[in-house]
Structures are given as structure tokens and as C-alpha cells.
Amino acid sequence: MAKAGSVRAGKSARTEIERPIRHRRYQYLFLIVCEDGQTEPYYFGKFEQDIPPETMYLRPVGAGLDPQGVVERACTERDQLAEEFNRTVDETWVVFDKDDADLSPGKKARFHAALKLAADNKFQLAFSNEVFELWLLLHLADVSHDEAIPRATIYAQLEQEVRKHDAFSTFQYIHGKKDIVDAVMQVGSEQDAIYRAKVLALAHIGKELLNTNPSTQVYKLVETIRNWIAFFGYIPKQST
């Protein structure tokens, strides 16, 4: 059973949960465009089941592109969503990692171009250094900020932590497979992940984003979604 505060396991938003879209009735349009084409949109899609019907419309999109490509895709997706609903998209987030952005001048230039384009379009950023899977690992374990962590180490630690739980004692982590999300959501704690991510963020204050390994800003996006869910779930008492 998942710990309190964890995302409930279930079917994802756009692909597996069929909920009729009545465009005029949604009060808030929330767009998330992710670098990864599978794991990340699947993770964010799980929040849809917690949103009160016809309040906030959440659309997670997997781009499968580098950071600049993600932000460019977000511009397109925002415009398409606005046209579909015939109104302005209220909030757009871009989710991408450092990956290899610091390995060549060209990639570094595209990374900084992505940051500028996101700022110019008033997109919110959920950046992870080095990979999104750090956010999943933080559901399960503390991570020290003292040394940079290679992505391969994060993947290995993620598998090890999941295997500590009886239901997943033989679990094998395969990068790109969505079952890691289901496992983490069952045995991990979202609130612990938020706390641990904030601790890492404090340790990297003042640093350039490419130098903040390990860190993840995904907690900001998750807290924002949770706050909107709480807002729309509040039903004021009727006056007598």
C-alpha cells in the first residue's frame, strides 16, 4: 500500500482513462511537455485521477526531444490546446534533464536557448540534474548532495531500493519502461520525495543549473498540481 501523500497507482490520463471532454466546463488548462516520451508523461498522467471532474484539464505530452526541442514543442502544444478549448492555456510546464547538455558547446548552447525560450514564453521549468529518475529515487531514499551522481548509478540505486520491498523483490529496472513508476508509487512516498528534493535544492543555491547534480525541480511541479487539486476539491459550505 502506498504511503500517505503518494500518487495513487492507476491508469494514465490521455491513454487509459476515458473521461468525456466538455471543453467549456473546464476552469483551468494545465499543460506539461516532457523530454521523455514514455515514463514522464505516464507519471504525470496519474494525477488526472485525483482531479475533480471538469475542473482542471491536465495534458501531459511526451516529446522525445532535447531541451530546446521540448520547449519548442511546448509552444506548439500550448497553441493547439488553446485552439482546441478556444481560450488561453493557464499554465505550461516544461520537464527536461541535463543529460549530455554539458558535453559539447553546441549542446550547451541549445540548453541555454531552451531556458531563454521557456522564460520568454512564461513557461514553468521542472529541471532534473542529471535525470528525471532522481525524482523517483527520492520517493525511496535520501541522496547526498556532496558528489555528482551519474545516471547509471541513479538507475541502479532505484532498482535496489524498489527490491527492498517484498512485492518487488525480483524487480528489474529497464530504462524507458513505465513499470518503474507503478512500483515507486506503490512503495514510495511523495511527501518524502518533496522534502528530499528541497534539501538538495538548498545545497545548490546560487549554482548554474548545469552544475547542480544531484537535484530536481520536479517537486515544484508536483506541489503545484497538488495545490490545484486541493483548490478544486474544496466545496464551500452552503449558507443557511
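The values are calculated or read from the model by the stated rules, or taken from the named source; none is laboratory data. Because the structure is a prediction, the values reported are computed rather than measured. For neighbour counting, all protein chains shown are included, and Cβ atoms are generated from backbone atoms with ideal geometry for every residue, glycine included. Just so you know, the surface numbers come from the protein's heavy atoms only, side chains and all, with ligands and any DNA or RNA stripped out. Shrake-Rupley method; radii C 1.70, N 1.55, O 1.52, S 1.80 Å.
Points worth noting:
- Odd one out for residue 149, checked against (1) in a loop (DSSP other than H, G, I, E, B); (2) open to solvent by 40 Å² or more (accessible area, probe 1.4 Å): (2)
- Selection count, the range 163-192, where residues are within 19 Å of residue 142 (Cα to Cα), open to solvent by less than 40 Å² (accessible area, probe 1.4 Å) and touching a Ser or Thr at 6+ places or on another chain (Cβ under 9 Å): 8
- When 89, 94 are screened for being surrounded by 15 or more Cβ atoms within 10 Å (Cβ to Cβ), touching a Leu at 6+ places or on another chain (Cβ under 8 Å) and closer than 26 Å to residue 154 by Cα, only 94 passes.
- Per-region count, the range 162-176, residues within 12 Å of residue 133 (Cα to Cα) and at pLDDT 95 or above: 2
- Scanning the range 101-131 for residues that are in a loop (DSSP other than H, G, I, E, B) and either touching a helix residue (DSSP H, G or I) at 6+ places or on another chain (Cβ under 6 Å) or at pLDDT 95 or above (or both) yields 101, 102, 121, 122, 123, 130, 131.
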